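Below is one structure, written out as structure tokens, with a few remarks after it.
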Amino acid sequence: MRKILLGFGWLMLAIAGIAHTQTPTKPFTITLEAETPQVKVGGQVILDVIMTNTSDHEIDCTMYYHSQIDQRYGYQVFYEDGTPAAKIDKRLSSDSFACVLDPGESSQSGGLISQIFDFSRPGKYTIQASRLVLGDDQRPDTLELHKDPWIEIKSNTITITVLPAADPPPTKQ
């Protein structure tokens, strides 16, 4: 029995080693924060998105602001019952800002996520950001043609609570 368990242990170690070598290297992390975790219906939901270079080389952190939020990130917003929050199609100005991070450095972007998602329903919303990047082990010189070269790096998930609007004061009778 001991030989079987020892053999199983070595097998699991070998599988873990293979899986580790196939996991793409993530050159940065994304941390998502809310400026205010509670807002009233109609209030602004503002996010801070912090990208930190965890690699040993420079990385691109260029920001593309459209509708007052960095659109280089994808945002996933869900209502507490699991339904996706409705997207809003606002046509606001756009700007782009070049950015390069040295190893260990961080940059901050984000913006008004309530400009692109509907937070008009009271309740809890979960938000996560993600960004596509060529992984360190998937650069063009090492890339196999049949592989998808992009990896998606996801942030932590945060919760925003949308409170009902204040009730109007009672009328005198």
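The values are calculated or read from the model by the stated rules, or taken from the named source; none is laboratory data. As the structure is a computational prediction, the values presented were derived from the model and not from experiment. Every residue, glycine among them, receives a Cβ derived from its backbone with ideal geometry; neighbour counts consider all protein chains shown. Surface areas here come from the heavy atoms of the whole protein model, side chains and all, with no ligands, DNA or RNA. Shrake-Rupley method; radii C 1.70, N 1.55, O 1.52, S 1.80 Å.
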Original post:
Looking at segment 40-71, which of the residues that are among the charged types (D, E, K, R) and closer than 26 Å to Ser107 by Cβ is least open to solvent (accessible area, probe 1.4 Å)?
Top reply: Asp70
**OP:** Being assigned to a loop (DSSP other than H, G, I, E, B) and either among the hydrophobic types (A, V, I, L, M, F, W, C) or touching a Leu at 6+ places or on another chain (Cβ under 7 Å) (or both) is the filter; apply it to segment 116-136 and report the residue that is surrounded by the fewest Cβ atoms within 10 Å (Cβ to Cβ).
**Re:** Pro122
Subject >> Looking only at segment 72-115, and only at residues there that are touching a residue at least 40 places away in the same chain (Cβ under 8 Å) and of a type in the set (Ser, Thr, Tyr), the one that is most open to solvent (accessible area, probe 1.4 Å) >> reply: Ser106
**OP:** Inspect segment 138-155 for any residue being surrounded by fewer than 18 Cβ atoms within 10 Å (Cβ to Cβ), at pLDDT 85 or above and within 25 Å of Cys61 (Cβ to Cβ) and give the result as yes or no.
**Re:** yes
**OP:** Sort out which residues of segment 55-109 are part of a loop (DSSP other than H, G, I, E, B), modelled with pLDDT of 95 or more and closer than 20 Å to Glu33 by Cα, and write them in order of number.
**Re:** Glu80, Ala85, Gly104, Glu105
Original post:
Among the residues of segment 3-25, is there at least one that is surrounded by fewer than 16 Cβ atoms within 10 Å (Cβ to Cβ), within 25 Å of Leu132 (Cβ to Cβ), modelled with pLDDT of 85 or more and not β-branched (Val, Ile, Thr)?
Top reply: no
Original post:
Hey, Ser93 hits all of (1) closer than 21 Å to Glu152 by Cβ; (2) among the polar types (S, T, N, Q); (3) more than 15 Å from the chain's Cα centre (by Cα) but one; which does it fall short on?
Top reply: (1)
